[in-house]
Amino acid sequence: MTFHLSDEQLTRLAQGQIRGQEATDVFSHLLACEACGRQFEMLSGTRDNPSDAYELHDGLLQRVDQLRQQAIKASADARAVVEDLLSQPPSRRQTVLRNSEHLPSAEVVRQLLLQARELVFDDPAESLSLASLALETVHSIADRQARRGEDTVDVDLLAACWTDLANYRRILSDLAGAREALRQASAHVEAGTTDLSTEMHYFEVLSGIHWASRDFAAARRANARFMRMARDTGENHQLGRGVMFRATIEASEHGDAKLPEVIEMGRRALELLDPTREPRVYAAALNNLVTTLASDGRTSEAKTLLERVKPLPATQQRAIKFRVLWTESRLVQREGDLAAADTMLEQVVEGLSDVGQLIPAAQALLELATLRFEARRFTEVRELAARTLPVFQSQGIHREALAAYTLFVRAAEAETLTRALLTELQTYFGQFRPRDARPFRSQTGDATIPS
Amino acid sequence: VPAFAATHSSVGSLLRDCLPQVRSIFRRFRIPPGDRDDLVQEAALALVRNYDSIENPGAWFVGCLKHKCLHYWRSRRRRLYESIDTGLLEAVAPHSPDSPERHLVRVELRAALGRIDKRCRIMLEMRYLMDCRTAELADAAGCQPTSVGKLTSRCLGALTKVLNGDRRSA
């Protein structure tokens with residue numbers, strides 16, 4: 001073969017710029033000519049390159065310092081914008097952003113996402129609303145840029161927004177919505193610039209969604225990827241979150257069958273977690289360990305640890321405070337102090353109802369009912385059931401949950417309540433997901449849902 | 001102002017401290033000299049942006065750079081395969097008028113496909129020479145339609161080796 005393809009043609013081929021007749025000409029030659037194939041390999045960058053020493057030159061360092069200055073300024077500006085935005089009623093925020101004279105920066109989106117993450121323990125619905133606002137802002141930035149003739153969408157930001165949306169939807173029990181958001185996130189992560197923080201968070205959220213869907217093997221795989229990234233970047237706190245969640249996966253899948261392993265993971269998570277960085281996560285990890293130790297019969301160890309949980313500032317917040325009290329009630333119950341457990345559970349039910357956590361409140365109430373039922377205090381069970389039904393009704397507990405709860409109330413009234421039914425109801429409420437809720441079905445045949 | 005401003009007078013000092021690891025990563029991942037600065041810059045920018053939530057900036061920067069190097073080759077290969085795919089589809093387009101060159105491409109393509117493994121050969125023959133759609137490819141490969149892209153990409157990798165002159169080992 002006398003003639004060969006030019007470097008320019010081969011480079012354009014590698015860049016996807018060869019079309020039509022030229023594509024025919026280039027491929028008819030390339031498929032037959034080894035010399036051009038080797039040249040193509042060189043030009044397409046698929047051949048190993050010489051590994052000469054790398055030096056940091058001043059130009060690069062200056063550029064990076066400039067970027068840093070820009071990032072600091074953008075962050076300060078964005079904080080002011082977001083502060084102003086959050087002072088507006090939620091319904092007006094999008095309008096304010098859309099009509100603002102200046103184009104919101106990518107940093108505004110990041111700040112919105114940070115704010116959303118900070119609120120997630122107290123108000124996941126507000127977190128969801130802020131993440132949606134962040135997503136709309138990315139699109140609004142893209143629209144304005146498109147009108148100026150700039151065609152750039154920040155794919156990394158889209159990935160971050162969709163990942164957070166998926167997380168909040170999962171927390172709010174909208175599993176189908178969470179999966180859809182994560183599908184969007186996945187496409188953007190794939191197309192993005194490999195932003196490490198976004199990818200780490202993506203795998204953490206993916207693991208959470210698989211766990212909520214009870215696909216424990218997939219949850220474990222995603223969690224392992226998250227932990228590998230955390231380990232590679234020296235992020236011990238994140239690694240601690242990963243270990244803590246792995247313990248949750250194991251506990252959910254194996255129940256009490258793997259308690260020693262779960263306890264070991266809980267201890268390891270506490271070693272890695274930084275209490276000053278996410279105090280509530282640390283408090284939750286401690287509380288989880290107390291619960292697991294108690295389930296394993298190590299009551300005194302659990303009680304000692306519980307004394308470390310109670311004074312933590314994070315546990316003074318109501319939602320966490322009542323969770324901790326719930327754990328304590330189980331401990332004292334195991335020790336045989338039923339009166340103390342009864343008092344504590346009353347407080348837990350009231351406290352969780354007050355903060356709007358109705359399903360856990362119902363779960364705690366069923367624990368209290370079980371405790372009284374076993375003590376043969378049937379009249380008190382009946383009174384408890386009758387007293388709490390209007391509370392759940394007025395607070396708008398989920399329809400299916402209300403139906404199941406009504407069944408408990410009627411069984412108590414009719415004196416047909418059994419220990420087996422109480423256990424079934426506790427399991428039902430423990431696994432209850434509002435968006436995927438199914439009607440309660442008694443396996444023991446002790447009851448059916450009233451029509 | 002992010003904590004970064006208070007704790008580091010310059011990103012440069014941090015980057016200099018990490019230089020031995022940076023060199024080792026570039027050696028390990030065989031990053032072409034022309035692209036190394038871009039990767040360092042991207043990782044440094046990510047570091048600056050995430051500084052407030054990072055525990056160990058040095059380790060994070062090195063981990064981030066490693067991650068970027070890994071993806072560098074993945075995306076580069078993906079782009080190359082996409083280019084070859086588009087070019088080949090153009091070169092053998094069934095609706096274009098036939099010509100001696102087009103005939104030659106088909107003959108040579110058949111010969112090149114004969115040098116890759118059977119499953120890939122069938123996939124690519126169906127794609128380039130029989131104008132089959134994704135659902136048919138999924139049927140033939142016994143996989144989900146969503147997996148066809150990944151499989152095609154792997155097969156294109158093998159074909160690219162042949163195109164690259166690596167005629168024996170592909």
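The values are calculated or read from the model by the stated rules, or taken from the named source; none is laboratory data. Fair warning: this is a prediction, and the values are worked out from it, not measured in the lab. A quick note on method: Cβ atoms are made from the backbone with ideal geometry, for glycine too, and the neighbour counts reach across all protein chains shown.
When residues in region A:212-240 are screened for being closer than 27 Å to A:Ser295 by Cα and surrounded by fewer than 22 Cβ atoms within 10 Å (Cβ to Cβ), 11 of them pass.
Residues are listed down the side, and each one gets a yes or a no for (1) within 14 Å of another protein chain (Cβ to nearest Cβ); (2) part of a helix (DSSP H, G or I); (3) modelled with pLDDT of 85 or more:
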site	(1), (2), (3)
A:Cys36	yes, yes, no
A:Asp48	yes, no, no
A:Leu97	no, yes, no
A:Leu113	yes, yes, yes
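The set of residues from region B:1-27 being at the interface with chain A (Cβ under 9 Å from one of its Cβ atoms) and either part of a loop (DSSP other than H, G, I, E, B) or modelled with pLDDT under 80 (or both) comprises B:Val1, B:Pro2, B:Phe4, B:Ala5, B:His8, B:Ser10, B:Val11.
Taken over region B:25-43, the criterion of being more than 18 Å from A:Asp154 (Cβ to Cβ) and not β-branched (Val, Ile, Thr) is satisfied by B:Phe26, B:Arg27, B:Arg28, B:Phe29, B:Arg30, B:Pro32, B:Pro33, B:Gly34, B:Asp35, B:Arg36, B:Asp37, B:Leu39.
For region A:373-404, filtering for residues that are of a type in the set (Lys, Arg) and touching a helix residue (DSSP H, G or I) at 6+ places or on another chain (Cβ under 7 Å) leaves 1.
In summary, helices (runs of 4 or more DSSP H) completely within region A:341-451 and bearing 2 or more residues that are crowded, with 20+ Cβ neighbours inside 10 Å and among the β-branched types (Val, Ile, Thr) occur at A:378-395.
Filtering A:Glu41, A:Glu136 for residues that are surrounded by 15 or more Cβ atoms within 10 Å (Cβ to Cβ) and out of contact with any helix residue (DSSP H, G or I) (no Cβ under 8 Å at 6 or more places or on another chain) leaves a single hit, A:Glu41.
Residue under question is A:Val290, and the condition is that it be β-branched (Val, Ile, Thr), in contact with a Ser or Thr (Cβ under 6 Å, 6 or more places away or on another chain) and at pLDDT 90 or above; does it hold? Taking the combined requirement at face value, the residue satisfies it.
Here's the yes/no breakdown for (1) closer than 21 Å to A:Val348 by Cβ; (2) of a type in the set (Gly, Ala, Ser):
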{"site": "A:Pro279", "(1), (2)": "no, no"}
{"site": "A:Ala283", "(1), (2)": "yes, yes"}
{"site": "A:Leu289", "(1), (2)": "yes, no"}
{"site": "A:Leu293", "(1), (2)": "yes, no"}
{"site": "A:Thr299", "(1), (2)": "yes, no"}
{"site": "A:Lys303", "(1), (2)": "yes, no"}
{"site": "A:Arg308", "(1), (2)": "yes, no"}
{"site": "A:Thr315", "(1), (2)": "yes, no"}
{"site": "A:Arg318", "(1), (2)": "yes, no"}
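Selection within region B:28-54: residues that are outside any helix (DSSP H, G or I) and more than 7 Å from chain A (Cβ to nearest Cβ). The member of this set that is nearest to A:Ser105 (Cα to Cα) is B:Ile54. Here A:Ala146, A:Ala181, A:Ala187, A:Ala134 are screened, and the one residue that is free of Cβ contacts under 8 Å to residues at least 60 places away in the same chain, in contact with a Cys (Cβ under 6 Å, 6 or more places away or on another chain) and in a helix (DSSP H, G or I) is A:Ala134.
Only one of A:Asp164, A:Asp156, A:Asp65 is of a type in the set (Asp, Glu), without any contact (Cβ under 8 Å) to a residue 60 or more places away in the chain, part of a helix (DSSP H, G or I) and over 24 Å from A:Ile209 (Cβ atoms); which?
The conditions single out A:Asp65.
The test for being crowded, with 16+ Cβ neighbours inside 10 Å, more than 7 Å from chain B (Cβ to nearest Cβ) and without any contact (Cβ under 8 Å) to a residue 40 or more places away in the chain does not hold for A:Ala23. Where helices (runs of 4 or more DSSP H) sit wholly within region B:55-170, those with at least 2 residues that are more than 10 Å from chain A (Cβ to nearest Cβ), surrounded by 21 or more Cβ atoms within 10 Å (Cβ to Cβ) and more than 18 Å from the chain's Cα centre (by Cα) occupy B:118-124.
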